[in-house]
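The values are calculated or read from the model by the stated rules, or taken from the named source; none is laboratory data. Just so you know, these numbers come straight off a predicted model, no measurement behind them. Cβ coordinates were reconstructed from backbone atoms using ideal geometry, including for glycine residues, and neighbour counts include every protein chain displayed.
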Amino acid sequence: MQPVDSPISLETFQNAVQQWCQDATNIKTIWRNQSAPLPDYPFASLMVISGPTPVSSHWETRTTFDEERLLREIEYNTCVPCTFVISVQFYIALQDSRNPGYAATQYAARAQSALRMPSYIDHFRSNSIAVNNTGTVQNIDQLIHDAYVSRANIDVTFGAPLNAYEYVTYIEQVEISNTDDSEVEIDTTVSL
């Protein structure tokens, strides 16, 4: 198994995905939260619908020493390559005054196309994220209250090496016993 060079946190992953969507479409992008108020139209929302799902049963474990904790603890770090499926939804009211004639499907297609552009590929690569599948643009228009809302969805699959770590103590002393009948003397305590 190849070592994972740059495991990232979930927060880093979410920030990189949000930045892609917002920059590619030039509309406000939020992470969907049931209790959060929705922004004004047009906007996009993101939600993890699947993941993190480990893509390998072999997790990489690293042990590192922190200078300040050197005599007390060791960092135990587990890194696993994972996939995430992100639902990206676009919401456009009757007509987008900034882009007349633009429907939500056009914003979705724009965001999807950006995933193949070198600048966005570099953006994700610099954050240790891969785009595994750009998904299919789906028209999910909806009547909300008395108004028609143009809506679209793409489910994008990303790959990222996530990490989890904890500090554990290590063995400071070992006691050795001689179970041999010989007369050899052994120092019974060894400090590490």
For residue 184, state whether it is part of a strand (DSSP E or B), over 30 Å from residue 83 (Cα atoms) and at pLDDT below 70.
no
For residues in region 76-118 being at pLDDT 95 or above and of a type in the set (S, T, N, Q), which is farthest from the chain's Cα centre (by Cα)?
113
Under 9 Å between Cβ atoms, which residue pairs at least 6 apart in sequence (or on different chains) link something in region 133-146 that is touching a residue at least 24 places away in the same chain (Cβ under 8 Å) with a partner that is surrounded by fewer than 14 Cβ atoms within 10 Å (Cβ to Cβ) and in a loop (DSSP other than H, G, I, E, B)?
none
Test for residue 149: is it modelled with pLDDT of 90 or more, within 35 Å of the chain's Cα centre (by Cα) and surrounded by 13 or more Cβ atoms within 10 Å (Cβ to Cβ)
no
Tell me, yes or no, whether region 56-71 has at least one residue that is farther than 21 Å from residue 129 by Cβ, at pLDDT 85 or above and among the aromatic types (Phe, Trp, Tyr).
no
Extreme residue, modelled with the highest pLDDT, among residues of region 1-18 that are aliphatic (A, V, I, L, M), surrounded by 12 or more Cβ atoms within 10 Å (Cβ to Cβ) and not in a helix (DSSP H, G or I):
8
Does residue 164 satisfy the condition of being part of a strand (DSSP E or B), within 30 Å of residue 81 (Cα to Cα) and modelled with pLDDT of 70 or more?
no
Considering only region 108-132, state which residues are of a type in the set (Val, Ile, Thr) and either in contact (Cβ under 8 Å) with a residue 60 or more places away in the chain or not in a strand (DSSP E or B) (or both).
121, 129
